[in-house]
Amino acid sequence: MKQVFLSYTFRALIVATVFSFFSSCSDDHAPTAPDTTKTGAIVLEFDNVAGDDEFTFNKEYTNAAGEKFTTTILKYYISNISLVTTSGTVYTVPQDNSYFLVDESVPTSTKVKLSNIPEGDYKEVRYTIGVDSVRSTMPIEKRQGALDMSGQGKDMYWDWNSGYIFFKMEGSSPAINEVENNFRFHIGGFGGYSAQTINNIKTVTLSMGTTPATVRSDIAPEVHILADILRVFSGNKTIELAKNPSYMFSRSSVDIANNYMNMFSFDHVHNDAAHSH
Amino acid sequence: MKFIRPFRCMTAQKILRLSFIIIIPFALLSCGETDTAINQEPEKIEFIIPSNFPAPVYNISRNPITTDGFILGRTLFYDGILSRDGTISCGTCHQQSAAFAHAAHDLSHGIDDKLTLRNTPALHNLAWQKEFFWDGGVGDLDLFAINPIQAHNEMDETLPNVLNKLRQSAKYPPLFKKAFGSDSITLERFLKALSQFQLMCISSNSRFDKYQRGEASLTAEEMQGKTLFDNKCTSCHKGTFFTDLSYRNNGLTIRNKADSGRAKITLNSDHLYQFKVPSLRNITETAPYMHDGRFSSLEKVLDHYDKGVKDSPTLDPLLRQGTILGIPLTAEEKRLIIVFLATLKDDTFLRNRLLSQQ
């Protein structure tokens, strides 16, 4: 994430420069009223962090149980995105275009760009962590893009039970007293085809506070969302890697999902012009 | 080549009632057609619903079966290119002469001779199956093949690699073009072609089928066996496919605790050691039996139901009548039931050259 961090600093400099030239425009003028017959774009940036630190692979962090750990894989599905305006109108991204795999190892994947969004002042974003149960039982032709098991989704699918892995995190910890001190979280479970089983589909609602994301045909706001991976280990239940380093398709995987559903927080939104990103 | 419709009793009205394309699958072998006829490629491969079969579960309109799609699927089915080192094809373990089960193997062995967990199930009438594998983990035929391709003890290959190998081959791009209109090789096309071949593995010309359609009669002994079977076995092995498609614990001793059966999929302890009730079609050809292939003969299977059923918390209630476990059977009853089961053998299917490696 260091690169991204630097680019932020750089971007902040640019923004500051722009402000110094056009401060009266930026500060005093709200954007024009939304014209809902027009559309624009919005970017949801998922910035993985570890507490107050930027998150990066192979860097050591400490979980709530006091165990040090490093990470080598981190990816998760974000799907079924909807946006709510300040007046309460909900815009739902068409389902076929609403599946994204955020993969820490693929920098471009952390920015989810949504196009053809009606102009509006959006105050809230809602999404699913994982893949909804309806899509999870859809035929192969409905599994494109992030859901293509021979493409982006190749390591995010259990072929023996036709289920997507919603959230995958792997790494190692000296606290794990095994020959290989690796931990593996492969969390999924959409509820089952014909018989009920675990359902780890989680939904997230984030308020953007007092500054809405003002989508206009010429303004593509960037909503900066933090994903605190330390929260994977605590909140609902404190995870001790020493006790169990492996959470896959099992009842106990629910503990991890109930933790990570609270790892997202809204940080800030960029509405202003220089949207070169 | 003149193509012969196998199901003469299907009326025009019945055909019209079917909501999808009526298609014609097989050159008939059993009635003494000449070998020249069966060695030729068909003019047209078609999927037809035998008149004694219900409507399929698989939605054929999503994947209309064409001659070129079928041929592509068959080529893929018998090609080791699907495995990491080229040695294992679908047909390695799914052998036509054994109704696409693995003859004489309790557990199948895949790549590097690694043993699998379970006995290879027979493949037939898959359009009428709603779930796949002994534990029913996959609910869509199109998604079924991904597992054996990727399993480390079966083909041990990845989907991106398989597709790339197909793209780089001289053989496949033209086959995909013929089947789907362009040489683009996608996962969807790959899996649908495999499904087209598997969907055409229809077994519907056993002597029992002909009896059901009023085209043939069974012998007195076979009828006696049928009566016994109807009284003692059809609670689970019911209907045209001789399975209610449910998952049951039939009282086998636990040999491999790690294989929890249906519970592996549902994570429900009520489903421990339940496995799918298999179809009994072509059962005389698919030995050995059970999910782990522990019984080498039908006699041993019936001995198990007679005297071998072990009690456990998830034993199927049908196998517990008061204090009696299992299904008491005399030696003569077992013999007659096996005589009846032999009528489920479908030579047309087992020897259909259209389904064979070319």
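Taken as a whole, the condition of being part of a loop (DSSP other than H, G, I, E, B) and surrounded by 13 or more Cβ atoms within 10 Å (Cβ to Cβ) applies to residue B:310. Screening residue A:157 on (1) free of Cβ contacts under 8 Å to residues at least 40 places away in the same chain; (2) within 28 Å of residue A:52 (Cα to Cα) shows it passes everything except condition (2).
The residues in region A:162-200 that are of a type in the set (Gly, Ala, Ser), buried (at least 19 other Cβ atoms within 10 Å of the Cβ) and either under 16 Å from residue A:136 (Cβ atoms) or at pLDDT below 95 (or both) can be counted, and the count is 5. Here B:306, B:270, B:311, B:346 are screened, and the one residue that is in contact (Cβ under 8 Å) with a residue 24 or more places away in the chain, of a type outside the set (A, V, I, L, M) and within 30 Å of residue A:189 (Cα to Cα) is B:270. Apart from one condition, residue B:125 fits all of (1) under 30 Å from residue B:262 (Cα atoms); (2) within 13 Å of chain A (Cβ to nearest Cβ); the exception is (2). Against the numbered list (1) touching a Ser or Thr at 6+ places or on another chain (Cβ under 9 Å); (2) more than 14 Å from chain A (Cβ to nearest Cβ); (3) free of Cβ contacts under 8 Å to residues at least 24 places away in the same chain; (4) not hydrophobic (A, V, I, L, M, F, W, C), residue B:332 comes up short only at (1). The set of residues in region B:323-351 that are hydroxyl-bearing (Ser, Thr, Tyr) and under 20 Å from residue B:241 (Cβ atoms) comprises B:343, B:348.
Only one of the numbered conditions (1) at pLDDT 95 or above; (2) surrounded by fewer than 22 Cβ atoms within 10 Å (Cβ to Cβ); (3) over 19 Å from residue A:61 (Cβ atoms) is violated by residue A:209, and that is (1). Looking at B:184, B:204, B:195, just one residue is under 25 Å from residue B:354 (Cβ atoms) and part of a loop (DSSP other than H, G, I, E, B), and that residue is B:204. Only one of the numbered conditions (1) more than 14 Å from residue B:145 (Cα to Cα); (2) buried (at least 19 other Cβ atoms within 10 Å of the Cβ); (3) touching a Leu at 6+ places or on another chain (Cβ under 8 Å) is violated by residue B:88, and that is (1). Considering only helices (runs of 4 or more DSSP H) fully contained in region B:48-153, which possess at least 2 residues that are in contact with a strand residue (DSSP E or B) (Cβ under 7 Å, 6 or more places away or on another chain)? It comes to B:141-144.
Close contacts from region B:285-300, counting a first residue that is under 16 Å from residue B:103 (Cβ atoms) and a second that is in a helix (DSSP H, G or I) and at pLDDT 95 or above, with Cβ to Cβ under 6 Å and a gap of 6+ residues or different chains, come to B:285/B:98; B:286/B:98; B:289/B:301; B:295/B:301; B:298/B:338. Among residues that are in a loop (DSSP other than H, G, I, E, B), touching a residue at least 60 places away in the same chain (Cβ under 8 Å), surrounded by fewer than 17 Cβ atoms within 10 Å (Cβ to Cβ) and away from chain A (no Cβ under 14 Å), residue B:215 is included.
State whether the residues of region A:139-150 include one that is crowded, with 21+ Cβ neighbours inside 10 Å and within 16 Å of the chain's Cα centre (by Cα). Yes, some residue in region A:139-150 is crowded, with 21+ Cβ neighbours inside 10 Å and within 16 Å of the chain's Cα centre (by Cα). When the residues of region B:158-198 are filtered to those that are in contact with a Phe, Trp or Tyr (Cβ under 6 Å, 6 or more places away or on another chain) and within 14 Å of another protein chain (Cβ to nearest Cβ), the one that is surrounded by the most Cβ atoms within 10 Å (Cβ to Cβ) is B:196. Taken together, A:168, A:142, A:202 contain a single residue that is of a type in the set (D, E, K, R), touching a residue at least 24 places away in the same chain (Cβ under 8 Å) and at the interface with chain B (Cβ under 10 Å from one of its Cβ atoms), which is A:142. Any residue in region A:87-109 that is out of contact with any Ser or Thr (no Cβ under 8 Å at 6 or more places or on another chain) and crowded, with 19+ Cβ neighbours inside 10 Å? The answer is no, given that none of the residues of region A:87-109 is out of contact with any Ser or Thr (no Cβ under 8 Å at 6 or more places or on another chain) and crowded, with 19+ Cβ neighbours inside 10 Å. Take residue B:242 and tell me if it is among the hydrophobic types (A, V, I, L, M, F, W, C), under 29 Å from residue B:348 (Cα atoms) and in a loop (DSSP other than H, G, I, E, B). It is true that residue B:242 is among the hydrophobic types (A, V, I, L, M, F, W, C), under 29 Å from residue B:348 (Cα atoms) and in a loop (DSSP other than H, G, I, E, B).
The single condition among (1) surrounded by fewer than 23 Cβ atoms within 10 Å (Cβ to Cβ); (2) within 11 Å of chain A (Cβ to nearest Cβ) that residue B:138 does not satisfy is (1). Taking the numbered list (1) assigned to a helix (DSSP H, G or I); (2) modelled with pLDDT of 95 or more; (3) within 30 Å of residue B:102 (Cβ to Cβ) in turn, residue B:38 passes all entries but (2). Within region A:35-52, the only residue that satisfies the criterion of being touching a strand residue (DSSP E or B) at 6+ places or on another chain (Cβ under 7 Å), loosely packed, with under 14 Cβ neighbours inside 10 Å and within 17 Å of residue A:233 (Cα to Cα) is A:51. Looking across region A:182-198 at every residue that is touching a residue at least 12 places away in the same chain (Cβ under 8 Å) and within 11 Å of chain B (Cβ to nearest Cβ), the one that is farthest from residue B:138 (Cα to Cα) is identified as A:198.
One residue stands out in region A:124-138 among those that are of a type in the set (A, V, I, L, M, F, W, C) and away from chain B (no Cβ under 12 Å): the one that is farthest from the chain's Cα centre (by Cα), namely A:134.
Within region B:222-274, the set of residues being in contact with a strand residue (DSSP E or B) (Cβ under 8 Å, 6 or more places away or on another chain), within 14 Å of chain A (Cβ to nearest Cβ) and either buried (at least 20 other Cβ atoms within 10 Å of the Cβ) or among the aromatic types (Phe, Trp, Tyr) (or both) comprises B:247, B:248, B:261, B:262, B:263, B:271, B:274.
One residue alone among B:247, B:211 is of a type in the set (Phe, Trp, Tyr) and out of contact with any Lys or Arg (no Cβ under 8 Å at 6 or more places or on another chain), and that residue is B:211.
The values are calculated or read from the model by the stated rules, or taken from the named source; none is laboratory data. The shown structure was predicted, so the numbers you read here are calculated from the model rather than taken from an experiment. So basically every Cβ, Gly included, is an ideal-geometry build from the backbone, and we count neighbours across all protein chains shown.
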